[in-house]
Amino acid sequence: MSGRGVWMRVRERLRRFPAGLSGCGAEATAYGRCVASAAAGTAELRRDSCLKEFKALRDCFAREVGAGGG
């Protein structure tokens, strides 16, 4: 049994990945701003500091990539 079919599907998903994520620019920007703000100056970035923004970005990724049949 050949694994060729598996690699073809993986390659196709990877090819679609950047285009699928292009719809998440607003969420990525919000998350990046939150992380930059949370770690600004002498502040220490703490776990879950930007949890709301991270979840929004993760959900967008799942929607965008999943919408392509991924």
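The values are calculated or read from the model by the stated rules, or taken from the named source; none is laboratory data. Just so it is clear, the structure is predicted and the values come from calculations on it, not from any experiment. Reconstructed Cβ throughout: ideal geometry from the backbone, glycine too, with neighbour counts over all protein chains shown. Calculation scope for accessible area: heavy atoms of the full protein, side chains included, ligands and nucleic acids excluded. Shrake-Rupley method; radii C 1.70, N 1.55, O 1.52, S 1.80 Å.
Annotations for the structure displayed:
- Taking trypsin sites (Lys or Arg not before Pro) across segment 10-60, the ones in a DSSP loop with at most 11 further Cβ atoms lying within 10 angstrom of their Cβ are R46, R47.
- The helix-based estimate of mean residue ellipticity at 222 nm for the chain, built from -39,500 (n - 2.57) per DSSP H run of four or more residues and divided by its residue count, is -23500 deg cm²/dmol to the nearest 500.
- Cα-based helix-to-principal-axis angle, 51-67 vs the chain, degrees rounded to 10: 20
- In the chain, GluC sites (Glu not before Pro) in a DSSP loop with at most 12 other beta-carbon atoms within 10 Å: E44
- For segment 3-68, the per residue solvent-accessible surface stands at 78 Å², with DNA, RNA and ligands left out and a 1.4 Å probe.
- Options G23, T42, G66, ranked by Cα towards positive dipole end of segment 3-68, top entry (Cβ charges): G66
- Fraction of accessible area attributable to carbon and sulfur, segment 3-68 (%, probe 1.4 Å): 58
- The chain: angle of helix 25-38 to the longest principal axis, Cα-based, in degrees nearest 10: 40
- The chain: Rg to Rh, with Rh as the Kirkwood radius over Cα pairs: 1.18
- The chain - charge dipole about Cα centre, Lys and Arg +1 at Cβ, Asp and Glu -1, debye rounded to 20: 360
- The chain: angle of helix 4-21 to the longest principal axis, Cα-based, in degrees nearest 10: 40
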